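Worksheet: the structure to be examined is printed underneath.
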Amino acid sequence: MSRFLNSEESYGIIAQVLHWGVAALIFVQLPLGLYAANLPVSLARLRWLSYHKSLGLTILVLVLLRLVWRWIDAPPPLPGTLARRERCAARAMHRALYLVPVLATLAGWLYASAAGLSVNWFGVLLIPDLIAKNTELAPLFKVLHHVLVGLLALLLIGHIGAAARHALVLRDNVMQRILPAGWLEKK
Ligand code: HEM
Ligand code: HEM
């Protein structure tokens with residue numbers, strides 16, 4: 001049972017699966033959005049955008065689920081070997097990595113609603129619009145979606161860079177603790 005929950009030294013299986021599940025979907029979602037948005041106006045564009053919107057709402061639900069799970073099962077404390085300002089930076093970065101995906105997906109949903117592009121989740125569930133169709137507000141939400149997605153991409157570069165620094169330079173256990181035990185030997 002304890003392997004499923006976070007311990008003082010490591011994330012549990014549930015937090016790990018949620019982390020890597022959301023990460024994998026975001027890595028699909030970024031190129032999917034770019035591909036769909038750059039297709040010429042056509043049925044194919046609408047279809048790919050529909051996959052993008054459905055996947056985006058799936059990501060929103062999973063990130064909210066992660067937040068609930070984090071509240072139930074507190075994450076392991078950061079290693080005491082890190083300087084206080086590094087721990088503060090890591091905490092701020094983790095908060096932003098929850099907040100920005102939520103805001104980016106909400107902006108996408110607002111844009112889709114305002115543009116009259118309602119979400120039909122993978123063709124099986126009609127999702128209510130957040131606001132009524134509004135052609136004046138739609139371009140604003142579109143820009144907001146782009147800006148927040150850009151910010152998320154920048155945060156991810158910083159996050160992956162920090163993880164690489166822990167694994168390759170500091171050689172502490174910060175990378176191992178989000179991976180199933182034994183993937184990386186502790187040095
Ligand atoms: C190759 C990609 C990624 C790597 C190598 C990676 C690595 C890590 C590592 C090592 C931690 C643990 C930090 C610690 O122990 O304090 C972590 C936590 C975290 N990662 Fe990632 N990550 C990746 C992708 C992502 C993505 C795409 C997201 C989505 C926004 C994300 C969001 C988070 C969050 C929010 C935490 C904090 C978890 C918590 O304590 O509640 N990561 N990641
Ligand atoms: C974390 C989740 C999301 C990411 C990473 C993401 C990423 C992107 C990217 C990279 C683009 C292409 C931007 C461009 O160059 O034009 C895009 C466009 C778009 N996204 Fe998202 N998106 C997410 C969630 C959503 C959601 C939840 C919706 C709606 C329910 C949505 C609706 C759209 C729409 C309609 C476009 C087309 C905008 C245009 O015409 O340029 N996205 N998204």
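Going through segment 11-70 one residue at a time, which ones are hydroxyl-bearing (Ser, Thr, Tyr), over 14 Å from the mean Cα position of the chain (by Cα) and within 10 Å of ligand 2 (Cβ to nearest atom)?
Those that are hydroxyl-bearing (Ser, Thr, Tyr), over 14 Å from the mean Cα position of the chain (by Cα) and within 10 Å of ligand 2 (Cβ to nearest atom): TYR35, SER50, SER54.
Taking the options TYR111, TYR98, name whichever one is within 24 Å of ILE14 (Cβ to Cβ) and within 16 Å of ligand 2 (Cβ to nearest atom).
Exactly one residue qualifies, and that residue is TYR98.
Looking at segment 1-38, which of the residues that are outside any helix (DSSP H, G or I) and away from ligand 1 (no atom under 13 Å from the Cβ) is nearest to LEU67 (Cα to Cα)?
LEU5
Being more than 11 Å from ligand 1 (Cβ to nearest atom) and closer than 18 Å to GLY33 by Cα narrows it down to one of ALA153, ALA132, ALA107, so name that one.
ALA107
For segment 72-87, enumerate the residues that are closer than 21 Å to GLU9 by Cβ and more than 8 Å from ligand 1 (Cβ to nearest atom).
ILE72, ASP73, ALA74, PRO77, PRO79, GLY80, THR81, LEU82, ALA83, ARG84, GLU86, ARG87
Look at VAL41 and say whether it is of a type outside the set (Ser, Thr, Tyr), closer than 24 Å to LEU126 by Cα, part of a loop (DSSP other than H, G, I, E, B) and more than 9 Å from ligand 1 (Cβ to nearest atom).
yes
Any read-out appearing in this document is the output of simple, stated calculations on the displayed coordinates, not a laboratory observation. Just so it is clear, the structure is predicted and the values come from calculations on it, not from any experiment. Cβ atoms come from the backbone with ideal geometry, glycine included; neighbour counts cover every protein chain shown.
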